[in-house]
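Following: one structure in structure tokens, then a few remarks.
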Amino acid sequence: MARDRVKIWYDVEGDYLEVLFDQRPGYFRGTASDQVMEKVDAGGNVLGFSVVKVSTIRTQPLDVAL
């Protein structure tokens with residue numbers, strides 16, 4: 001059974017996390033959270049997301065619609 005692959009990258013110095021569900025071309029756009037951006041293709045399909053200031057997430061999880 002084949003499984004989908006997810007690419008996860010964390011930059012310690014930049015305190016930046018990126019999760020990509022698909023490697024297709026796209027662009028990042030804002031969400032309701034100032035810490036989260038979603039990556040979408042030209043049709044608006046979500047390809048992944050990024051989170052800045054990851055180390056500040058301590059008391060409760062981020063809850064963001066993609």
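Assorted remarks:
- Simple spin-label estimate for Val64 and Phe28 gives 0.9 nm between the two label positions (7 Å along the Cα-to-Cβ direction from each Cα).
- Spread over its residues, the convex hull of the C-alpha atoms of the chain is 120 Å³ per residue.
- Each Lys and Arg adds +1 at its Cβ and each Asp and Glu adds -1 at its Cβ; summed about the Cα centre, the chain shows a dipole of about 160 debye.
- For the chain, the carbon plus sulfur part of the accessible surface works out to 52%, probe radius 1.4 Å.
- For the chain, the residue among Gly30, Gly14, Asn45 whose Cα projects farthest onto the positive side of the dipole built from Cβ charges is Asn45.
- The chain: relative contact order as a whole-number percent, Cα under 8 Å and 6+ apart: 29 percent
- 13 Å beta-carbon shell around Ser33, net charge (K/R +1, D/E -1): -1
- Remark: the chain carries 78 Å² of accessible area per residue (probe radius 1.4 Å; ligands, DNA and RNA excluded).
- Neighbours of Leu17, meaning other residues whose beta-carbon lies under 11 angstrom from its beta-carbon, give a summed charge of -2 when Lys and Arg score +1 and Asp and Glu score -1.
The values are calculated or read from the model by the stated rules, or taken from the named source; none is laboratory data. Because the structure is a prediction, the values reported are computed rather than measured. Glycine also receives a Cβ, built like all others from the backbone with ideal geometry; neighbour counts cover every protein chain displayed. To get the accessible areas, we keep the full protein, side chains included, count just its heavy atoms, and leave off ligands, DNA and RNA. Shrake-Rupley method; radii C 1.70, N 1.55, O 1.52, S 1.80 Å.
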